[in-house]
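Take a look at the structure set out below.
The values are calculated or read from the model by the stated rules, or taken from the named source; none is laboratory data. Fair warning: this is a prediction, and the values are worked out from it, not measured in the lab. Counting neighbours? That spans all protein chains shown, and the Cβs are built from the backbone with ideal geometry, glycine included.
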């Protein structure tokens, strides 16, 4: 590009940036919706995680009809667990999520049937739509199986049989996931929100500099200046990409203060967001901001009005935001082709950074190269269609 | 000086057919003179001026601006032209000055020079009080003045204006007329001014040379007096109707 052309591209860049930054209302909306949504979600998730943690650790069990089972009461109390009597309408309470614990229902005649070896049934009542109660089922079942095992052990011991016969095999669980990988169940959605922030950061500016300029009737006079279409397009794209990059940077930075607000100690220990993660987020998002800005401009340049462009851009937004979600619905494993898909690749890089896992050279190089290629293709498309868009027959 | 020679342009219609918008239009607009393209709506004035400004490529013919070929060297030609086109959208979040200076920079001017020129143009167009206001909410007249200042920022020797008085009130029209007249004088830079209109009064009061455009072609040209003499009319509107719609009238009379 010649010096004159780069001077003109710079003039367009400066003007478009001033124009975009003066659109205060839109900027405020984008900042509120995109930049604060991720951290808010993180804090809300940590609240949920804290209550689940609390539920898992609680030494309480809700029982209906404990008076029918003195042996069970004895066992539970020996475990240091407090028995709470269930309200008569506990089923209703569970359905309405007013009760946050599964309820053990002891039938009348339990003790007699137990003594006779008739295997009485202990019901654990829950509502799978009640997340807290459902989470407590495993804890309650462990307690009840403990009781059953103790009873069986005692019965066998009376007959002179070793209790170990009941357990010919021991099952042990070994979780390979590191603490931070486990936290991904909760923090896995964060990259998705940051990508959304980039999209919405670029959207308004991209549409305003193309379809908006066309709708205002300022594109035709703009082309009566001796600036090449490519110089104009580069200036415009630079401004849009700067806005998108700023929003993505703010969005990435916002997780630093958000982690101080985490309510769950365990999650706080597992979710580490420091300089390393920030750099990884930045390196993933900058090429994406560039490509998304160019793609949105390419979509909008063919549209006669901002309204029409919004409808077309919605498709881009939908695809980019749905693709990472679709990958989560699958096995969750990172496939090699994910790296070639803008959006999905960045999602993968940020997820790995959050898990504290290192990135390969391929992971560092392929996504920016794809974004660069997409940017060049889209900008050439916009430059080629600029004149046609400007002149309304 | 702007010279158009044998310009033709046809557009494809939505139904797949073609419409001939301009056919073999030619004219010479010398420096220091005001040349008017007079025609009814849809006569082909805007398409002709868009071809002059290099916004549309003609199917045939060529345009030169101070002997620079618009098709071959569009940037050099545009640097010698100030264009106030059919669309004159401003940037509502920028001030009038910022709108003008932006175009100055795109014309390759230094920022300081563009600011100085914006001040000078504001004095000339009586818009100094508007200069540092955002253009959002400007009246039609204020918008036109800003757009004209924007087109003139690089002090071009040639000025092309498409229906510049559209939507203007009497005072704004008079102010524009005075500005154009001054620009054609040696003090104003002896600029070559080409403008299109469908308003007879403007042509009568302003033009040194008139081209009557009808159905995409130039059907007559000359000074107002010459056109009156040619039609034998005392009223210019009557003369225009005779010249522009003569064929339809003849066909109507024949049937």
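Listed by position, the helices (runs of 4 or more DSSP H) contained in the range A:81-198 that have at least 2 residues being farther than 30 Å from residue A:277 by Cα are A:90-95, A:110-115, A:131-158.
When the range A:229-257 is filtered for residues that are out of contact with any helix residue (DSSP H, G or I) (no Cβ under 6 Å at 6 or more places or on another chain) and over 21 Å from residue A:288 (Cα atoms), the ones remaining, listed by number, are A:256, A:257.
If we keep just the residues of the range A:206-223 that are without any contact (Cβ under 8 Å) to a residue 24 or more places away in the chain and part of a helix (DSSP H, G or I), which is farthest from the other protein chains (Cβ to nearest Cβ)? It comes out as A:213. When residue B:136 is tested against the conditions (1) outside the structural domain of residue B:190 (by TED's automatic domain parsing); (2) touching a strand residue (DSSP E or B) at 6+ places or on another chain (Cβ under 7 Å), the lone failure is (2). Within the range B:149-169, if we keep just the residues that are assigned to a helix (DSSP H, G or I) and within 11 Å of chain A (Cβ to nearest Cβ), the residue that is nearest to residue B:55 (Cα to Cα) turns out to be B:151. Of the helices (runs of 4 or more DSSP H) lying entirely inside the range B:8-115, the ones with 1 or more residues being over 21 Å from the mean Cα position of the chain (by Cα) and within 12 Å of chain A (Cβ to nearest Cβ) are found at B:96-106. Quick check, is residue B:125 more than 10 Å from chain A (Cβ to nearest Cβ), over 17 Å from residue A:220 (Cβ atoms) and crowded, with 18+ Cβ neighbours inside 10 Å? So residue B:125 fits the description; yes. Inclusion of residue A:19 among residues that are surrounded by 19 or more Cβ atoms within 10 Å (Cβ to Cβ), within 14 Å of chain B (Cβ to nearest Cβ) and under 30 Å from residue A:254 (Cβ atoms) is warranted. Out of A:60, A:67, A:53, A:77, one residue alone is more than 12 Å from every other protein chain (Cβ to nearest Cβ) and in contact with a strand residue (DSSP E or B) (Cβ under 6 Å, 6 or more places away or on another chain). It is A:60. In the set (1) more than 10 Å from every other protein chain (Cβ to nearest Cβ); (2) touching a residue at least 24 places away in the same chain (Cβ under 8 Å); (3) closer than 23 Å to residue B:107 by Cβ, the condition left unmet by residue A:47 is number (3). Here the condition is being touching a strand residue (DSSP E or B) at 6+ places or on another chain (Cβ under 6 Å) and in the same structural domain as residue B:139 (by TED's automatic domain parsing); of B:95, B:64, B:35, it holds for B:95 alone.
Here the helices (runs of 4 or more DSSP H) wholly within the range A:289-393 that include at least 2 residues being over 24 Å from the mean Cα position of the chain (by Cα), more than 30 Å from residue B:87 (Cβ to Cβ) and in the same structural domain as residue A:220 (by TED's automatic domain parsing) are A:361-390.
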